[in-house]
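Novice: Sharing a structure, written as structure tokens. Questions coming.
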There are 2 protein chains.
Amino acid sequence: MTQQQRAEIDQLMRSARLDTSLPPEELRETFEIYTTMGPPPVGVTLTDTTLGGRPALRIEPDAASAEATILYFHGGGWVYGSPRTAASLTAALVRHVGAPAVSPAYRLAPEHPFPAAVEDGFAAYRALLEDGVAPRRTVVAGDSSGGGLTVATLLRARDEGLPMPACAVLFSAGLDATRSGASMDEKDGVDPLFDRETLARLSTHHLAGADPRQALVSPAVVGDLAGLPPILLQVGTNEVLLDDSTRFAARAAAAGVGAVLDVTEDVPHVFQGLHAYLDEAVEALDRAADFVRRHLDVG
Amino acid sequence: MTQQQRAEIDQLMRSARLDTSLPPEELRETFEIYTTMGPPPVGVTLTDTTLGGRPALRIEPDAASAEATILYFHGGGWVYGSPRTAASLTAALVRHVGAPAVSPAYRLAPEHPFPAAVEDGFAAYRALLEDGVAPRRTVVAGDSSGGGLTVATLLRARDEGLPMPACAVLFSAGLDATRSGASMDEKDGVDPLFDRETLARLSTHHLAGADPRQALVSPAVVGDLAGLPPILLQVGTNEVLLDDSTRFAARAAAAGVGAVLDVTEDVPHVFQGLHAYLDEAVEALDRAADFVRRHLDVG
């Protein structure tokens, strides 16, 4: 797309920037309205269900082409968001891969601080396997904090001795609650959505005093990543969270994990969500689907 | 492939390990024999030519499917190797992409230390453009030190105001003559080919006293990477050079470059060269061709 289109999207995101200092309930409502005012996703059927003891949304493609189930974790800084707010992006991934997704409504902070969401993520993954889904036919994916929850779920599952899924896909994942990446400062102002202060407010809710320097919230910085499945990390160069992905990829590779870091220039946080407007988003979803299919073929 | 096959390849590489303490002439002969004893590449025609004042090898695919020219730089630690020693891998890339490659015999150290090879790389790129090849239809690629030469050539071309190619592809690139990556120690003994000592001998020939801490030899560590084209870096987790790629990808992303870091687990240096034996090699070449085609489409 053109430089001008990118500038327009940048402007749009700046004007629709969430105020994370709002009371959580208000923040959730605003985000819900903002993310669900578009037309409902096409080419899929949405069904309410439950998974691992939590409400969940099942997104089934009209045309299934891959024998797989995607466990999807929505974003929202561990404080807001729901399976519905991520439904447009989840549905796009479902259409590109040609396989259904189940997206659980994991518990949110501050009412349910760390590690509540990780417990729910782990329970969802275990429930999927107990339902008879083969791990080699399972994909775990998520955006933003949902990408962080993806990694935390896999680390918990590994430590509990559960088999790993075929692969994982992370869109602009939050992987460092210590906020120590150089991009936190280098991309300050470049990032149309987040800065250190907005993220700090969310972390305060989420961590509620817990140490940010632990693997389940900062796997880009600390903890053993050996034994994780192949992981695709997609991220944009305009993100303060850029280094969450670059450092996680480097640490995963060092631990022997088949990590793929896929950086798109001049795009914002979770740009794949802009698939209706942005060629780069559709192309990134194509590459994500290619990655998933390759690892399902192997599995 | 199976763990056993990987172990066999690892064993094979250890037994065929080059002794970099040999006199350069002997090192070159040994490497030439080792790399060219297989059958000649199929599906391509090899022609001797010249490019930018140096002898070069042109590798034309029998079935061309992309309108592009690949400028390919062979590996060999800046001391050994030739277009012929990389012909099998270059031909595989040519077949996968469906476009011809030209591979110049850039000058080697110690007879021609840094920056002789970079001058030749730059002259080759400039000559290609002067021959009328459109930059957006040009791909620069290389393995090992040839990957390092790829980046150095692009940095020189950028600084001289030449247009950038559509993209670049690096196989296990050497991007840090300071050898400061953690993988230098973490993968010591895991890497069947290289260790700090073998690489140091080559660097002594190549640098001949020049400062290793400069962008043209250590772009994973120092120098401005802004303005480089999209770059794919493929690397194996068993390499002491792993962090050359992980750190370059992170620095490139920070500079706004569309970098893709593609890490394959449990494979050695330039594993794509094992395309006759190793599924992972063929799959990596497929992904490299996908990357090239995507960026040619855009161009």
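The values are calculated or read from the model by the stated rules, or taken from the named source; none is laboratory data. Quick caveat, the model's predicted, so the values are computed rather than measured. Don't worry about glycine lacking a Cβ; one is built from the backbone with ideal geometry, like all the others, and counts go over all protein chains shown. Surface areas here come from the heavy atoms of the whole protein model, side chains and all, with no ligands, DNA or RNA. Shrake-Rupley method; radii C 1.70, N 1.55, O 1.52, S 1.80 Å.
Quick grid of which residues meet (1) surrounded by 24 or more Cβ atoms within 10 Å (Cβ to Cβ); (2) more than 22 Å from B:E29 (Cβ to Cβ); (3) under 17 Å from the mean Cα position of the chain (by Cα); (4) modelled with pLDDT of 95 or more:
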position	(1), (2), (3), (4)
B:R54	no, no, no, yes
B:L57	no, no, yes, yes
B:D62	no, yes, no, yes
B:S65	no, yes, no, no
B:G77	yes, no, yes, yes
B:A86	yes, no, yes, yes
B:L93	yes, yes, yes, yes
B:G98	no, yes, no, yes
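Novice: Among the candidates B:T204, B:T246, which residue alone is in contact with a Gly (Cβ under 9 Å, 6 or more places away or on another chain) and outside any loop (DSSP other than H, G, I, E, B)?
Specialist: Details: B:T204 fails: in contact with a Gly (Cβ under 9 Å, 6 or more places away or on another chain).
Testing whether each residue is in contact with a Gly (Cβ under 9 Å, 6 or more places away or on another chain) and outside any loop (DSSP other than H, G, I, E, B) leaves just B:T246.
Novice: With the checklist (1) under 15 Å from the mean Cα position of the chain (by Cα); (2) closer than 22 Å to B:A86 by Cβ; (3) assigned to a loop (DSSP other than H, G, I, E, B) in hand, flag the one item B:S218 doesn't pass.
Specialist: (2)
Novice: Quick one: is A:S172 in contact with a strand residue (DSSP E or B) (Cβ under 8 Å, 6 or more places away or on another chain) and within 14 Å of chain B (Cβ to nearest Cβ)? Steps first, please.
Specialist: On the way: in contact with a strand residue (DSSP E or B) (Cβ under 8 Å, 6 or more places away or on another chain): yes; within 14 Å of chain B (Cβ to nearest Cβ): yes.
So A:S172 fits the description; yes.
Novice: Here's a follow-up. If only one of A:V221, A:V263, A:V270 is more than 7 Å from chain B (Cβ to nearest Cβ), modelled with pLDDT of 95 or more and touching a Gly at 6+ places or on another chain (Cβ under 8 Å), which one is it? Before you say what the answer is, go through the steps one by one.
Specialist: On the way: A:V221 fails: touching a Gly at 6+ places or on another chain (Cβ under 8 Å); A:V263 fails: more than 7 Å from chain B (Cβ to nearest Cβ).
From the options A:V221, A:V263, A:V270, the qualifying one is A:V270.
Novice: Among the listed residues B:V235, B:V257, which satisfies the condition of being within 14 Å of chain A (Cβ to nearest Cβ) and either free of Cβ contacts under 8 Å to residues at least 60 places away in the same chain or among the acidic types (D, E) (or both)?
Specialist: Working: B:V235 fails: either free of Cβ contacts under 8 Å to residues at least 60 places away in the same chain or among the acidic types (D, E) (or both).
Of B:V235, B:V257, the one residue that is within 14 Å of chain A (Cβ to nearest Cβ) and either free of Cβ contacts under 8 Å to residues at least 60 places away in the same chain or among the acidic types (D, E) (or both) is B:V257.
Novice: Going through segment B:273-292 one residue at a time, which ones are more than 9 Å from chain A (Cβ to nearest Cβ), open to solvent by 30 Å² or more (accessible area, probe 1.4 Å) and closer than 18 Å to A:A252 by Cβ?
Specialist: none
Residues checked against (1) farther than 29 Å from B:E111 by Cα; (2) within 16 Å of the chain's Cα centre (by Cα):
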| site | (1), (2) |
| --- | --- |
| B:R201 | no, no |
| B:A226 | yes, no |
| B:L241 | no, yes |
| B:V260 | yes, yes |
| B:H269 | no, yes |
| B:R293 | yes, no |
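Novice: In addition: Just one of (1) in a strand (DSSP E or B); (2) free of Cβ contacts under 8 Å to residues at least 12 places away in the same chain; (3) acidic (D, E) trips up A:D262, so point out which.
Specialist: Condition (2) is where A:D262 drops out.
Novice: Continuing with the same structure: Please enumerate the residues belonging to segment A:185-200 that are farther than 25 Å from B:G258 by Cβ and surrounded by 17 or more Cβ atoms within 10 Å (Cβ to Cβ).
Specialist: Answer for segment A:185-200, where residues must be farther than 25 Å from B:G258 by Cβ and surrounded by 17 or more Cβ atoms within 10 Å (Cβ to Cβ): just A:T198.
Novice: Pull out all pairs, ordered by first then second residue, where Cβ-Cβ is under 9 Å, the residues are six or more apart or on different chains, the first lies in segment B:270-287 and is in contact (Cβ under 8 Å) with a residue 24 or more places away in the chain and acidic (D, E), and the second is in a loop (DSSP other than H, G, I, E, B) and open to solvent by less than 70 Å² (accessible area, probe 1.4 Å).
Specialist: Listed by first residue and then by second, the contacts come to B:D279/B:M1; B:E280/B:M1; B:E280/B:E265; B:E280/B:D266; B:E280/B:V267.
Novice: Right, another one. Within segment A:201-231, count every residue that is charged (D, E, K, R) and open to solvent by less than 40 Å² (accessible area, probe 1.4 Å).
Specialist: From segment A:201-231, those charged (D, E, K, R) are A:201, A:211, A:213, A:224; that's our starting set.
Then keep just the ones that are open to solvent by less than 40 Å² (accessible area, probe 1.4 Å); that gives none.
Here the count works out to 0.
Novice: So, B:A220, is that one free of Cβ contacts under 8 Å to residues at least 40 places away in the same chain and more than 26 Å from B:E25 (Cβ to Cβ) or not? Give the derivation first.
Specialist: Numbers: free of Cβ contacts under 8 Å to residues at least 40 places away in the same chain: no; more than 26 Å from B:E25 (Cβ to Cβ): yes.
Taking the combined requirement at face value, the residue does not satisfy it.
Novice: So which residues in segment B:180-194 are within 11 Å of chain A (Cβ to nearest Cβ) and within 12 Å of B:D10 (Cα to Cα), if there are any at all?
Specialist: Correct list: B:V190 only.
Novice: Check every one of the helices (runs of 4 or more DSSP H) wholly within segment B:1-102 and list those with 2 or more residues that are over 29 Å from B:D279 (Cβ atoms) and not polar (S, T, N, Q). Quick ask: steps written out before the conclusion?
Specialist: Working: elements: B:3-15, B:24-36, B:87-97.
Result: B:24-36.
Novice: Quick check: is even one residue across segment A:153-166 within 10 Å of the chain's Cα centre (by Cα) and either modelled with pLDDT of 95 or more or open to solvent by less than 10 Å² (accessible area, probe 1.4 Å) (or both)?
Specialist: Initial filter on segment A:153-166 (within 10 Å of the chain's Cα centre (by Cα)): none.
No, that holds for no residue.
Novice: Please go through segment B:129-148 and give me each residue that is small (G, A, S) and buried (at least 24 other Cβ atoms within 10 Å of the Cβ), ordered by number. Don't jump to the end; show me each part of the working.
Specialist: Taking segment B:129-148 as the starting set, the residues that turn out to be small (G, A, S) are B:132, B:134, B:141-142, B:144-148.
Answer for segment B:129-148, where residues must be small (G, A, S) and buried (at least 24 other Cβ atoms within 10 Å of the Cβ): B:A141, B:G142, B:S144, B:S145, B:G146, B:G147, B:G148.
Novice: Confirm whether A:R126 is within 28 Å of A:G236 (Cα to Cα) and open to solvent by 10 Å² or more (accessible area, probe 1.4 Å). Show your work before the answer.
Specialist: Details: within 28 Å of A:G236 (Cα to Cα): no; open to solvent by 10 Å² or more (accessible area, probe 1.4 Å): yes.
Criteria not met by A:R126.
Novice: Can you name the residue in segment A:1-25 that is more than 22 Å from the chain's Cα centre (by Cα) and surrounded by 11 or more Cβ atoms within 10 Å (Cβ to Cβ) and is also farthest from A:V97 (Cα to Cα) among such residues?
Specialist: Top of the filtered list is A:L22.
Novice: May I pose another question? Hey, any hits in segment A:37-47 for a residue that's closer than 30 Å to A:R156 by Cα and open to solvent by 10 Å² or more (accessible area, probe 1.4 Å)?
Specialist: Filtering segment A:37-47 down to residues closer than 30 Å to A:R156 by Cα leaves A:46-47.
Add one more test, that the residue is open to solvent by 10 Å² or more (accessible area, probe 1.4 Å), and what stays is A:46-47.
Yes, segment A:37-47 contains a residue that is closer than 30 Å to A:R156 by Cα and open to solvent by 10 Å² or more (accessible area, probe 1.4 Å).
For every residue, the table says whether it meets (1) acidic (D, E); (2) farther than 30 Å from A:H295 by Cα.
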| position | (1), (2) |
| --- | --- |
| A:Q4 | no, yes |
| A:I9 | no, yes |
| A:R17 | no, yes |
| A:E25 | yes, yes |
| A:I33 | no, yes |
| A:T45 | no, no |
| A:G52 | no, no |
| A:I70 | no, no |
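Novice: For segment A:232-261, give me each residue that is open to solvent by 10 Å² or more (accessible area, probe 1.4 Å) and among the acidic types (D, E). First the steps, then the outcome.
Specialist: Of all residues in segment A:232-261, those open to solvent by 10 Å² or more (accessible area, probe 1.4 Å) come to A:238, A:243, A:247, A:250-251, A:254-256, A:260.
Across segment A:232-261, the qualifying residue is only A:D243.
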